[in-house]
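The values are calculated or read from the model by the stated rules, or taken from the named source; none is laboratory data. This structure is a prediction, so every number in the text was calculated from the model and none was measured. When we count neighbours, we look across all protein chains shown, and the Cβ atoms used for this are built from the backbone with ideal geometry, even at glycine.
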Amino acid sequence: MTAGATYVPIATQTLGSSASTVTFSSIPQTYTDLRFVCSFNSSSYAVGGLQFNGVASGYSTTYMYSGVTSQRLTGQGKIPFQQGTGPITQSNTFQLVITDIMNYSNTNTYKTVLWKTGNPTTTDYPGYEWGVGLSSSTSAITSITFDSGGTNIFQTGSTFTLFGIAAA
Amino acid sequence: MSSSIGIYASQISGHLVTNNFSSIQTVTVGSGGTSSITFSSIPSTYTHLQIRGIGGVTGGTTGNTDMAIFFNGTTSNNSSFSQHRLYGNGSSASSDYYSGYIVSGRFSFNSDANSGIFGATVIDILDYTNTNKYKTVRTLTGVDSNGAGAVWLNSGLWQSTSAITSITLDDGFGGSNWHQYSTFALYGIK
């Protein structure tokens, strides 16, 4: 890793039309952590979440959300966001999700994810939400899919950026 | 929709293109584990510090695997440290206060690092060289083991105006070790 290349934008996608999922594939294995930053508007209520390497099983999550409540979910086929607070369907308003995917290329450990999101509007289950997710696989993560939880939920103009963070 | 890597962001500013987020040091625990992890001789050339890492804790008893954060050679309960934290365990949420420690949260349940399950944390240490301020710390920590788990959001305080030159990540309550493959990386932010 060259000097100054610690926090690097790997790829970004901006939707020109609605989409059900967004996938980043062929992720380089040269970083320590990944940070996935999403800003999106949704057409209707759905529970979005992350899948790795095209696998739709082996995920669980524990999270907190506004109202000071906590839940655990397993068997969702992904690490779900927006279970406590809903997606933003208000026009011209975009929801921010920041996800840290730690040690994504480490083949000795399962993969742990920290994430936070919020819905600052007054509709669709507003609030703040943060949590931890587990992918019960020791495989290195080479692709990430953000599943919106429905058909063409992600709306035009939504942006998704994947960053790499490299440790010395 | 899908995309191969190669569509590079071109209008991202700040630390991304001006090299203001820099890797300082990384510690990875080897075979046999270790009781604490220390970053020492931290350069004073940054404004803030961030620690990112995964950890598994084995030994001790359930409930004793929270990580404590100490500065400048202190490695045990000291009244200059305190914190408030909000946490959820998957069924309820609560908050607590500690005096003597900055405790980020638990990294393992029932020594599950032996099964490959590691907790994760992102720690922000603000204005670490400012000798006019006490030091404030913010952490987000969590572990999920597919049946147990918890997530913590913390605000910690070190009542010292000394610049931070070393950081120790300890099990906090004794009797446990960082498991092999635990790894923590220290970054400087300008």
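A few comments on the model shown:
Condition check ((1) within 16 Å of residue A:47 (Cβ to Cβ); (2) surrounded by fewer than 22 Cβ atoms within 10 Å (Cβ to Cβ)) across all residues:
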| residue | (1), (2) |
| --- | --- |
| A:110 | no, no |
| A:125 | yes, yes |
| A:130 | yes, no |
| A:135 | no, no |
| A:140 | no, yes |
| A:164 | no, no |
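- Residue in the range A:86-98 that is surrounded by 24 or more Cβ atoms within 10 Å (Cβ to Cβ) and not in a loop (DSSP other than H, G, I, E, B) present: yes
- Tabulated pairs, the range A:138-163, first on the phi > 0 side of the Ramachandran plot, second in a loop (DSSP other than H, G, I, E, B) and crowded, with 21+ Cβ neighbours inside 10 Å, C-beta under 8 angstrom, 6+ apart or interchain: A:149/A:48; A:149/A:82; A:157/A:41
- In the range B:130-157, the residues that are more than 19 Å from residue B:81 (Cβ to Cβ) and touching a residue at least 60 places away in the same chain (Cβ under 8 Å): B:149, B:150, B:151
- Candidate set: the range A:47-77, residues that are small (Gly, Ala, Ser) and modelled with pLDDT under 90; chosen: the one surrounded by the fewest Cβ atoms within 10 Å (Cβ to Cβ): A:75
- Applying the set (1) surrounded by 18 or more Cβ atoms within 10 Å (Cβ to Cβ); (2) part of a loop (DSSP other than H, G, I, E, B); (3) modelled with pLDDT of 95 or more to residue B:123 leaves exactly one unmet item: (2).
- Members of the range B:45-102 that are in contact with an Asp or Glu (Cβ under 9 Å, 6 or more places away or on another chain) and in a loop (DSSP other than H, G, I, E, B): B:47, B:56, B:60, B:64, B:65, B:75, B:76, B:90, B:101
- Count of the range B:96-116 residues which are over 16 Å from residue B:176 (Cα atoms) and within 9 Å of chain A (Cβ to nearest Cβ): 2
- Residue check, residue A:35 in a strand (DSSP E or B) and within 27 Å of residue B:186 (Cβ to Cβ): yes
- One residue stands out in the range A:106-118 among those that are of a type in the set (Val, Ile, Thr) and assigned to a strand (DSSP E or B): the one that is nearest to the other protein chains (Cβ to nearest Cβ), namely A:112.
Listed here are the residues, each with its yes/no results for (1) closer than 17 Å to residue B:47 by Cβ; (2) in contact with a Pro (Cβ under 9 Å, 6 or more places away or on another chain); (3) of a type in the set (A, V, I, L, M, F, W, C).
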residue	(1), (2), (3)
B:119	no, no, no
B:132	yes, no, no
B:137	yes, no, yes
B:141	no, no, no
B:145	no, no, no
B:149	no, no, no
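- Qualifying positions in the range A:9-28 - within 7 Å of chain B (Cβ to nearest Cβ) and either at pLDDT below 95 or in a strand (DSSP E or B) (or both): A:9, A:10, A:11, A:12, A:13, A:19, A:21, A:22, A:23, A:24, A:25
Yes/no matrix, rows are residues, columns are (1) surrounded by 19 or more Cβ atoms within 10 Å (Cβ to Cβ); (2) more than 9 Å from every other protein chain (Cβ to nearest Cβ); (3) within 22 Å of residue B:29 (Cβ to Cβ):
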position	(1), (2), (3)
B:145	yes, no, yes
B:149	yes, no, yes
B:155	no, yes, no
B:159	no, yes, no
B:168	no, yes, yes
B:177	yes, yes, yes
B:190	no, yes, no
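- Within the range A:29-43, being within 7 Å of another protein chain (Cβ to nearest Cβ) and of a type in the set (Ser, Thr, Tyr) holds for one residue alone: A:32.
- Applying the condition of being surrounded by fewer than 16 Cβ atoms within 10 Å (Cβ to Cβ) and within 13 Å of chain A (Cβ to nearest Cβ) to the range B:68-95 and asking which residue is farthest from residue A:73 (Cα to Cα) yields B:95.
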